[in-house]
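Q: Sharing a structure, written as structure tokens. Questions coming.
The numbers here are math on the coordinates, done by the rules we state, and not lab data. Treat the numbers as computed from the prediction; the structure is a model and nothing was measured. Ideal geometry is used to build each Cβ from the backbone, glycine not excepted, and the neighbour counts take in all protein chains shown.
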Amino acid sequence: MRNDVFEFDDQTYDTSLRRRHVPKMMFDLGVSLILLIPLVVVAAVLLILNPFLNQGPLIFLQKRMGQDCRAFTAIKFRTMLPETETHRGAFDALETDRISSLGWFLRKSRLDELPQILNVLHGEMSLIGPRPDAFDHAIVFLRQVPGYAQRHQMLPGISGYAQTEVGYVEGLDGIEEKVAADLYYLRHTTFWFDLWITWRTFCVVLGCRGS
């Protein structure tokens with residue numbers, strides 16, 4: 001996928017966003033309130049399992065880049081062994097040796113993302129949209145990846161078109177492919193497209209095909 005395939009007019013994009021803002025906001029709010037119940041259940045189970053399979057804090061907080069390239073704190077269930085500082089560069093491979101046995105299951109099932117419904121309720125994220133990157137990495141991508149800034153014209157999502165159709169990526173080529181998918185989503189964004197991505201996300205979760 002190439003970024004230059006997905007050039008679009010900013011005015012057309014803004015009109016599309018305004019037209020679907022209310023139904024998207026209502027969808028986010030309604031589904032997130034429903035998901036509070038499984039969030040509490042999963043958190044309770046993890047509190048029991050963590051001391052044996054994933055020693056350390058239950059929650060992982062990370063500074064990420066959100067709408068308009070602003071920083072916010074994303075909330076996740078921790079899947080990796082704690083460390084005092086991050087050494088992974090923007091284009092480095094995932095540190096799989098730090099993922100705990102329980103963390104692998106949480107990542108494959110996407111349950112590690114469930115606490116981000118609190119970000120949705122706080123207005124920092126949407127259920128569907130471009131996935132937010134770690135802020136330090138995003139700064140690098142802004143400088144090196146064409147079109148990367150444009151994907152921040154809307155709220156980031158817990159899931160998105162790039163996540164269901166492209167999956168986890170590494171390296172410059174992978175980031176460019178993800179950005180191309182995000183720009184495609186921004187150009188074709190509709191409430192029904194969001195519902196389709198929600199269904200695709202559900203299939204990924206049931207098949208434990210996360211990363």
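Q: So, in nm, how far is label Leu206 from label Arg70 when the simple model puts each one 7 Å beyond its Cα toward the Cβ?
A: 3.8 nm
Q: Multiply the residue separation of Arg187 and Leu94 by 0.36 nm, subtract the distance between their alpha-carbon atoms, and state the gained length in nm to one decimal.
A: Once the chain is fully extended between Arg187 and Leu94, it gains 30.5 nm.
Q: At q = 0.20, 0.25, 0.28, 0.30 Å⁻¹, work out log10 I(q)/I(0) for the stretch 170-211 with the Debye formula, treating every Cα as an identical point scatterer and leaving solvent out; two decimals please.
A: Log-scaled intensity ratios, in q order: -0.79, -0.93, -0.93, -0.93.
Q: Residues in the stretch 175-210 near a label at His21, defined as backbone nitrogen under 17 Å from the 7 Å Cα→Cβ point?
A: In the stretch 175-210, the label zone of His21 (backbone N under 17 Å from the point 7 Å along Cα→Cβ) covers 189-191.
Q: Relative to the present Cα-Cα distance, how much length would full extension add between Thr198 and Tyr168 at 0.36 nm per residue of separation?
A: 9.1 nm
Q: Still on this structure, I have one more. Quickly work out the Gln55-to-Arg143 label distance, labels modelled 7 Å from Cα along the C-beta direction, and quote it in nm with one decimal.
A: Once both label points are built, they end up 3.9 nm from each other.
Q: Would you mind computing Rg(Cα) / (2.2 N^0.38 Å) for the stretch 150-196, counting N as its residues?
A: Against the empirical 2.2 N^0.38 Å value, I get 1.11 for the stretch 150-196.
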